There are 2 protein chains.
Amino acid sequence: MDSVGSNPQPAHDVAAATVSVCPAGERFPLPQAPEYERELDRLRALAAEQRALGREIVVVMGVGFVGAIMAGVVADSTDRRTGKPGKFVMAMQRPSARSFWKIPYLNRGVAPVQAEDPEVAPMIRRTVLEKRTLTATFTYDALSLADVVVVDVQCDYVKDALGDLRHGHADIAALEESFTVIGERIQPRCLVLIETTVPPGTTEHIAYPVLKRAFSERGLTAEPLLAHSYERVMPGRHYVASVRDFWRVCSGVSEAARQRVVAFLSDVLNVGQYPLTVLDRPIESETCKVIENSYRAAILAFMDEWSLFAERNGIDLMKLIQAIKVRPTHTNILFPGPGIGGYCLPKDGALGLWAYRHLLGFEEEQLPITTAAINVNDTRGLHVADLACEALEGMGRPVADAPILVCGASYREDVGDTRYSGSELIVRRLVELGADVRVHDPYLEHWYELESQEEYPAKGQSRSRFFRKQEGVTRIRVQRDLPSALRGVQAVILAVRHAPYLSLDPDWLVRQAGAPLALIDCFGLLSDDAIRRCFELGCEVRCLGRGHVQRLKEAVGGRRPRPAAE
Amino acid sequence: MDSVGSNPQPAHDVAAATVSVCPAGERFPLPQAPEYERELDRLRALAAEQRALGREIVVVMGVGFVGAIMAGVVADSTDRRTGKPGKFVMAMQRPSARSFWKIPYLNRGVAPVQAEDPEVAPMIRRTVLEKRTLTATFTYDALSLADVVVVDVQCDYVKDALGDLRHGHADIAALEESFTVIGERIQPRCLVLIETTVPPGTTEHIAYPVLKRAFSERGLTAEPLLAHSYERVMPGRHYVASVRDFWRVCSGVSEAARQRVVAFLSDVLNVGQYPLTVLDRPIESETCKVIENSYRAAILAFMDEWSLFAERNGIDLMKLIQAIKVRPTHTNILFPGPGIGGYCLPKDGALGLWAYRHLLGFEEEQLPITTAAINVNDTRGLHVADLACEALEGMGRPVADAPILVCGASYREDVGDTRYSGSELIVRRLVELGADVRVHDPYLEHWYELESQEEYPAKGQSRSRFFRKQEGVTRIRVQRDLPSALRGVQAVILAVRHAPYLSLDPDWLVRQAGAPLALIDCFGLLSDDAIRRCFELGCEVRCLGRGHVQRLKEAVGGRRPRPAAE
């Protein structure tokens, strides 16, 4: 999802900005006033042509992680009877310096999102260049041509403190702005489908009155056809399938809206194999999404406390999880890792909290576990930094100025997605403590959250403000060559379960680093044998949630360190 | 499991008591001093005879929910090579007034536990009377004959306050007493397998030193062969299978103990289909059990807060759960019901808390979610009473003196097991508020926790002390005929998902009660159509976690109540 509204844009995005620079460095001039008219003419012509082919016009607002893929999926769908395309998609994005480049990208048939899924690039190329069912545009006026508007505008939760969710607010301004723009432009019979994860009550208490008032001002008496349906998108190898071939939940503000959303989703998604769940009211669908993600967050926070228990009491939580997972009722128990990132889990529960406060009647003490869970998950990375200090101290080295390599910047394994990753917290804390932090990640070219908050402000609320002295952070560049990243480091933190980290050889590591080092394993990547070998080599090892490490060290005992194998 | 130690026994269990009365009313005189010698002679002869057949002697201590079934399973097992029984079991129970009757019961081939599982009765009959591989005894001296001792003595957590777990303690005295008795009697090469769910650290920090010291006093230098393995027993239709045909986790204090426990469990359980997990240390196995049950408790408490959210905001949580469950990562999401009972979930997390305090270093603020979860689960029943009051008030009736029927006393559906059931809390609260409470349960003859704490103290720590004025509670008798139980009631609380409650007809209910009534549905038993019909009939309806009920009422609207169908 992406920001569309005008509210929280940084300074460089107004007046001064005239170009948008894509990640590859190409510069795209922002459109000027006369171009808007030409663009609307282009869209009108397209719409007329497509309508003549019997196709519905679908405007997808927001070309971010969800919108870009949803636009492709809708454009790629076919009419069940004719087997031919039944929708024409206009993917719409306000022309900000930060993201205007996505529009020309899309119109060249190039996906504006990085993806490990091999389906993404061909789908965008196919729909734009071959099927010609997808175009991208920068003008809100596209809305006036729509039969369906799909809203994929983001709604963040801004946290004012680290680990204290009750201080913060839902950043709903961009979304409200979108509703206004929609209300001002759409045809009264247009279906407005909100896909954004929103505070429960948003569709009925925010979107509905905004649209209704906008309609009134235009002299329209029609009831807005508003619906909510949430995606369950998952970055990675099955990114497209997670949008298209997965169960959906939907609802509408009225029977008419409900029928429209059911019909639309049935046209574009694989509802045969993954049947729709239709709920009575949008607040049910909105809450459903918040619950399912909070569920996951709560499970992880619960495991965090047992991870600490394990660490302190000689227990290997990894082995316990394997033992527990065999139970059919416990298959989803999982290791919490160094932090719970991604776009959804760190915030969705907070949207429930905010809804209680602003839409559903102020009740401060509600959702205690949901709230505690996010607080725990948001701060777990700090504990990893503690372990790194402890391990370095065990080797007689201070953390201050120590060269430390953090392996893995993503929030989950084998994707290049750094949103709210646990690693960010580890890096920021270690920098605060004076360490010389380096980062390796085989799936990333840039770690936007660190490199420049100026340039990429909406990639995530910056967490730099929770830390002292973060100048060093912006200078960090992600390295992709592990041997050179390792050279001379005194500590390595294995922070993500990326495939290349799964079977690291202790001897090799020590050889690359040039000397025994402190190893912090956040994900049970080191086997017991590997850990023993690390100790033999004179390394110090700490493992998140694995207290048996000290026992392994004692077993290696007083033996003198053996030299690393050549 | 069952109490064995001498500590927390009620007054009637000493001096004065000479008989033990079984649930059916038969009286069994407690054994007197001379009988102990005769009993030991009997056991010695049996042991010699059985050893001659090449069988190991297994003493199972505690003939409660786990011990009785474990004794049967071991006695029923066969040697993999010969196909013949390889174990002879002595099921041991200290002769208290409360439970001595279980010994003669067993020796007649009758199971001392009520069970819905059709395997239980034949297994006990077969092993005692046909295979003759199981006998029951009241003397600790059986321990001296054992090759293996399986400890199934209970370890409760006593709560000093309702909804505040930090005030309480693990009631570990009986277990400690058992360890002493074992240390004084067993042969040094006897394997002691603790199956009880215990505070993590118990095997190493409590059992081991007790046995070691007892050995020393006997002049033995051997290392006690101590192991821990927990069951995952589940009352109901698959009670025996839940002990025998399910994954097990085990561990030993030493390599020798580990080998012994692996060999023993491999002999008696279905480890081919359900492989053993062998962990390094008993604290890992002990913690594993506590985590897996706390996991479930935490999930339920998490859902409790969203259930309240749903109730207050017009949301039907039942439908949301159906929508969420389709996700493979969320299949175990579940509705919390009116309380989380059973022997394990309300206490296991507390054992972790207690271990932190007494065995693993005092750290007061640990395990916050685990702790909060039990507190939430322990008090959820109170909210059901609130709903009942609300519904009665909606009909212009005070709760005081109102005849209210609670349908379902068990802690889960289709079993007759009332341990820590949510219904108990509902009943106690309503009695406190002056209601005239009746109870129906098709699976129960007695609700021991209510009927007499004097007679059945160890069926569960009484929760009566958390409530005002509980005299009325002891007079409550469980009724098994629903129509007569319904006669004249003003409110019905559907508290358990027992099969007979799954499709109750509103017209029938009102007819039986004689007038429109307040209906409180704690488990989504009433369909939307049924709820609408209830409103049409002039009933008031409240549903746990289902806020859409008010919407259904409004839909029925101002329509005058229609008379119940004849």
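The values are calculated or read from the model by the stated rules, or taken from the named source; none is laboratory data. Because the structure is a prediction, the values reported are computed rather than measured. When we count neighbours, we look across all protein chains shown, and the Cβ atoms used for this are built from the backbone with ideal geometry, even at glycine. Calculation scope for accessible area: heavy atoms of the full protein, side chains included, ligands and nucleic acids excluded. Shrake-Rupley method; radii C 1.70, N 1.55, O 1.52, S 1.80 Å.
Overview of results
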{"read-out": "Conditions (1) at pLDDT 95 or above; (2) farther than 28 Å from B:L269 by Cα: number failed by B:P200", "value": "(2)"}
{"read-out": "Among (1) among the aromatic types (F, W, Y); (2) in contact with an Asp or Glu (Cβ under 9 Å, 6 or more places away or on another chain); (3) open to solvent by 50 Å² or more (accessible area, probe 1.4 Å), the one test that A:W508 misses", "value": "(2)"}
{"read-out": "Qualifying residue in the range A:346-364 (condition: within 18 Å of the chain's Cα centre (by Cα) and of a type in the set (A, V, I, L, M))", "value": "yes"}
{"read-out": "Scan of the range A:307-332 for residues that are within 26 Å of the chain's Cα centre (by Cα) and crowded, with 24+ Cβ neighbours inside 10 Å, ordered by number", "value": "A:S307"}
{"read-out": "Among the candidates B:A241, B:A170, residue that is under 26 Å from the mean Cα position of the chain (by Cα) and within 14 Å of chain A (Cβ to nearest Cβ)", "value": "B:A241"}
{"read-out": "Filter result for A:A350 (at the interface with another protein chain (Cβ under 9 Å from one of its Cβ atoms), of a type in the set (A, V, I, L, M, F, W, C) and closer than 30 Å to A:H205 by Cα)", "value": "no"}
{"read-out": "Residue within the range A:315-338 that is in a helix (DSSP H, G or I), more than 8 Å from every other protein chain (Cβ to nearest Cβ) and in contact with a Cys (Cβ under 8 Å, 6 or more places away or on another chain) present", "value": "no"}
{"read-out": "Pairs, first farther than 11 Å from B:V556 by Cβ in the range B:515-542, second among the polar types (S, T, N, Q), C-beta under 6 Å, six or more apart", "value": "B:L517/B:Q490"}
{"read-out": "Residues that are buried (at least 24 other Cβ atoms within 10 Å of the Cβ), more than 10 Å from chain A (Cβ to nearest Cβ) and of a type outside the set (D, E), drawn from the range B:355-386", "value": "B:I374, B:N377, B:R380, B:G381, B:V384, B:A385"}
{"read-out": "Pairs where the first residue, in the range A:257-284, is among the charged types (D, E, K, R) and the second is open to solvent by 60 Å² or more (accessible area, probe 1.4 Å) and not in a loop (DSSP other than H, G, I, E, B), C-beta under 7 Å, 6+ apart", "value": "A:R258/A:V278"}
{"read-out": "Any hit, the range B:399-419, residues being closer than 19 Å to B:G472 by Cβ, of a type outside the set (K, R), surrounded by fewer than 18 Cβ atoms within 10 Å (Cβ to Cβ) and modelled with pLDDT under 95", "value": "yes"}
{"read-out": "Test: residue in the range A:480-503 that is within 14 Å of chain B (Cβ to nearest Cβ) and at positive phi", "value": "no"}
{"read-out": "Long-range neighbours under 6 Å by Cβ, at least six apart or interchain, first residue within 12 Å of A:I333 (Cα to Cα) within the range A:311-322, second of a type in the set (V, I, T)", "value": "A:I321/A:I333"}
{"read-out": "Exclusive hit being buried (at least 16 other Cβ atoms within 10 Å of the Cβ) and either aromatic (F, W, Y) or closer than 29 Å to A:G342 by Cα (or both), set A:E119, A:E39, A:E56", "value": "A:E119"}
{"read-out": "Verdict on B:G25 being modelled with pLDDT of 95 or more and at positive phi", "value": "no"}
{"read-out": "One residue from A:G396, A:G422, A:G434 being within 21 Å of A:I299 (Cα to Cα) and among the small types (G, A, S)", "value": "A:G422"}
{"read-out": "Residues (open to solvent by 20 Å² or more (accessible area, probe 1.4 Å) and either in contact with a strand residue (DSSP E or B) (Cβ under 6 Å, 6 or more places away or on another chain) or not in a helix (DSSP H, G or I) (or both)) located in the range A:122-137", "value": "A:K131, A:R132"}
{"read-out": "Neighbours by Cβ (under 6 Å, 6+ apart or cross-chain): first from the range A:197-216, closer than 21 Å to A:C344 by Cα; second of a type in the set (D, E, K, R) and crowded, with 22+ Cβ neighbours inside 10 Å", "value": "A:T197/A:K289; A:T197/A:D348; A:V198/A:E286; A:P200/A:E286"}
{"read-out": "Members of the range A:268-303 that are out of contact with any strand residue (DSSP E or B) (no Cβ under 7 Å at 6 or more places or on another chain), surrounded by fewer than 19 Cβ atoms within 10 Å (Cβ to Cβ) and more than 9 Å from chain B (Cβ to nearest Cβ)", "value": "A:N270, A:V271, A:G272, A:Q273"}
{"read-out": "Residue satisfying all of: in the range B:489-500; under 20 Å from B:P442 (Cβ atoms) and either of a type in the set (S, T, N, Q) or touching a helix residue (DSSP H, G or I) at 6+ places or on another chain (Cβ under 9 Å) (or both); surrounded by the most Cβ atoms within 10 Å (Cβ to Cβ) among these", "value": "B:A495"}
{"read-out": "Any pair with Cβ under 7 angstrom, 6 or more apart, that starts in the range A:232-250 at a residue that is at positive phi and crowded, with 24+ Cβ neighbours inside 10 Å and ends at one that is of a type in the set (S, T, Y) and at pLDDT 95 or above", "value": "none"}
